[in-house]
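Read the figures in this text as sums done on the coordinates, not as results from a lab. Since the structure is predicted, the reported quantities are computational estimates derived from the model, not experimental observations.
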Amino acid sequence: MLLNRKWQVLSLVLVALLGISLGFNFYEAFYVSRGGQNEMMDFTFSWGPDRQKIVNGTFRLGVSMTVTGSNVTMVVTANDDEYDDYDYVGLVFDTNQNGHIDLNDEPYGLWVNNYTAHSSLLEGGLLGWFEDIPVRGPQNVTFDKSSGYTFNIEFPFYYPSNPNKPWYDPAAVIKNGLNQLHVCFYDYNISQTAAGMEGVFARFNFNVGG
Ligand SMILES: [Ca+2]
Ligand SMILES: [Ca+2]
């Protein structure tokens, strides 16, 4: 259904962000640029040193997405300066197709050790994890002390216990017109020393042209 569709980022609209339980995960600034092709979007969200404890300076979360037919390729960067297996990026699309991100949408929770498990979106913007046995996820993550994490993510992703059907398929829930995406980053290291400041999230609309 999505073959040869042209994807175009037409607008980026900030949705109200309230860090309810964490109290700290809100969005400060953003920059938008069009990709070289109309099929790619590229966003960077940033939080200054007074908005987060993940790094001493400005924390940046970069999100780029390319949709080619039924494949969705994403690159998420996070300039965290300390590796920990429990650090993760969460991606939440409008999986229940009600037009906005809500707590019933199913996240992809992507640990930096390349594993994943089922999770749910919490009110504070981060993820709660089910007690699944973690499985190898759709991400390949690299870490560099100076630049942080780079997540290369390929969808569709097939959960090992259900190899015939994608574990929900982002290409199937991204539609022409307005879409919403929630992205969060959790820093385990900070969770041990600064309760309530263990992560950041951004939620934004992107418009896809037909
Ligand atoms: Ca870390
Ligand atoms: Ca939804």
With the 8 Å Cα cutoff and a minimum separation of six or more residues, region 12-208 has a relative contact order in percent of 25 percent
Global form of region 12-208, assessed from the alpha-carbon gyration tensor, a/c cut-off 1.5: rounded
